[in-house]
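I have placed the structure first, in the form of structure tokens, so that the comments after it can refer back to it.
Nothing in this text is a laboratory measurement; each read-out follows from the coordinates by a stated rule. Everything numeric here is computed off the predicted structure, so don't read it as measured data. Here the Cβ positions follow ideal geometry from the backbone for every residue, glycine too, while neighbour counts run over all protein chains shown.
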Ligand SMILES: [Fe+2]
Ligand SMILES: [Fe+2]
């Protein structure tokens, strides 16, 4: 695979993580346990959508520079090809709304169902700790778009992590029931955290070319962060160290198909329209 | 001061446009009416999150998704301001929730209608937030201070919502035939319920005179409804949509549009719980509340532990 495609894949990994995470968090809006927390979660969700839009706009630029053959190597999407057949450039929404699950590069963690507040908090906490480490590294990326997104997102993610860490601690050290629910959520979701640090071909290429982050370094930071919050929360890291993977290669859990069916339905049912 | 003095003092403030503040003496009925009105308003904001929340996961573009999320979030914020304003009258948020969940407290009937197409996001912003603004702008000068101040913040955001809703409609109306049909269909379904948002006709609303005297209402239901009709007809022309009212006609003598009869039987039925989504909306709120109980318990237990560790009584 050539460097252009690696770069595009790297951007899509980042953007798809944010979009699918936000899509799940958006499901909470109006259904939260406390009105103030409903608002807080929506804020996080909005920040993710803001960042993902910048990344998809950039991804669209890169897609528009591909040759038809490169494009067809990257995506299996008749709907996206339609855009090019009409002679139009792809836009952010085309990238988000016209690809099918196998062209999505997000990690499996973000597509998992919200289940309850504890599962959602676990997912947010793992992702926030990851994004903090990631953006801190990407701030000095030699790609100015990535560096810009990282710089802007860094302020936001510090707040997200503070919020989710506080909830992990509050639930872990709250009541007996909340402790048990929080620990169960961690146990159930733990197997999806390894993939964050499992380098794909795009990750390797990005690090070597100086625009991506070093996942080994990220993992060290992440582990320390998780351990320190778990200690305060009186929670433990699960014994089972088996890790699921496949998302970065487009092999997803059953959930992603449903997420996309819902998210993309208007674009699919009324193709080519402006909303 | 004697009770009579209190009453005189209160009346004097009302007559002179001086706001009543939480610590001031106020007649029992004034307090009760306000609690009912403000909590009903707060519940409407929170239940009102549901019909639009429906479309967050299905918004047709990332920009629309962000705008819709922010809008629904604003409504949560309105709920918060209003619950806080009501709390200054001596009721807790939990008590108000209890009244909502038991069905004792009402919320705006409009939210018992379903949102079935994307155009409903446009129609709600345009018409429902539009009607809310007409109802609420006068309340920025209402006699009860905390309510008036809450309404100032709420109204600023509502007018933003109204513009966004109109913009969704505009985009659909200049789109394809299918999109325009979607917009017209949404107007057809939301128009009459939006007019019902102003409440029963003046001759059927017994408390209007008293509420106007107390300045917790500043225009009658029919006055506001007429204003809504006059404004909306012009906006529909800009969109190129047809008002779903064959009796709608400009009345030169009155300087207003005449409009057709409102189906009050439908209105009363929806209030009684027979609207298309009453059960669903209430059950959704109850479910969120029940499923959140352990979370709130945990937050409380943790706060207590922290407080006792600090040596301060919880
Ligand atoms: Fe509102
Ligand atoms: Fe609104």
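Can you tell me the length gained on complete extension of the stretch residue B:23 to residue B:222, counting 0.36 nm per residue apart and subtracting the Cα distance? Don't skip to the end; give the middle numbers.
Numbers: separation 199, 0.36 × 199 = 71.64 nm, distance 3.39 nm.
Separation in residues times 0.36 nm, less the Cα-Cα distance, equals 68.3 nm.
Picking from B:74, B:17, B:28, which is most flexible by a Gaussian network model of chain B using Cα springs under 10 Å? Looking only at B:74, B:17, B:28, the biggest GNM fluctuation is shown by B:28.
Rounded to the nearest 500, the helix-only mean residue ellipticity at 222 nm of chain B stands at -20500 deg cm²/dmol, with each DSSP H run of n ≥ 4 adding -39,500 (n - 2.57).
Taking label points 7 Å from Cα along the Cα-to-Cβ direction, residue A:159 and residue B:12 give a separation of 4.7 nm.
Note on residue A:254 and residue B:251: their simple-model spin labels are 6.2 nm apart, each label 7 Å out from Cα toward Cβ.
Once you sort the root eigenvalues of the Cα gyration tensor of the protein assembly as shown as a ≥ b ≥ c, which label holds: rounded (a/c under 1.5), prolate (a/b larger than b/c) or oblate (the other case)?
Working: a/c = 2.54, a/b = 1.41, b/c = 1.80.
In terms of gyration-tensor shape, oblate.
Measuring nothing but how far apart in sequence close Cα pairs (under 8 Å, 6+ apart) lie, relative to its length, chain A scores a relative contact order of 25 percent. Mean-square fluctuations from a GNM of chain B, with a 10 angstrom spring cutoff on Cα atoms, peak among B:131, B:183, B:236 at B:236.
Sort chain B into rounded, prolate or oblate with this rule: let a ≥ b ≥ c be the square roots of the eigenvalues of the Cα gyration tensor; rounded if a/c is under 1.5, and if a/c is not under 1.5, prolate when a/b is larger than b/c, oblate otherwise. Write down the numbers at each step before the final one.
Details: a/c = 2.06, a/b = 1.23, b/c = 1.67.
Since a/c reaches 1.5 but b/c is at least a/b, the shape of chain B is classed as oblate.
In chain A, the convex hull through the Cα atoms has an average projected area of 14.1 nm², a quarter of its surface area.
Centre-to-centre, using Cα atoms only, region A:80-111 and region A:1-31 are separated by 11 Å.
Please work out how much length the chain gains when fully extended from residue A:177 to residue A:270, using 0.36 nm per residue of separation minus the C-alpha to C-alpha distance, in nm with one decimal.
Values: separation 93, 0.36 × 93 = 33.48 nm, distance 4.66 nm.
Extending this stretch completely gives an extra 28.8 nm.
Listed by Cβ neighbour count within 10 Å, with the fewest neighbours leading, A:49, B:18 appear as B:18, A:49.
Along the Cα-to-Cβ line of residue B:152, 7 Å from the Cα, sits a label point; which residues in region B:30-53 have backbone N less than 14 Å from it? Backbone N within reach: none found.
Comparing mean-square fluctuations of B:212, B:151, B:121 from a GNM of chain B with C-alpha springs under 10 Å, the top value falls on B:212.
Could you line up A:236, B:143 from fewest to most neighbouring Cβ atoms inside 10 Å?
Working: A:236 13, B:143 24.
Lowest count first: A:236, B:143.
The length gained by stretching the chain between residue B:101 and residue B:160 to full extension, at 0.36 nm per residue less their Cα-Cα distance, is 18.2 nm. Cα centroid distance between region A:35-68 and region B:97-118, in Å? So the two Cα centres are separated by 32 Å.
Each residue in A:166, B:158, A:36 was given a count of other beta-carbon atoms within 10 angstrom of its own, and listing them fewest first yields A:36, A:166, B:158. Approximating the spin labels as points 7 Å out from Cα along Cα→Cβ, the residue A:1-to-residue A:234 distance works out to 4.6 nm.
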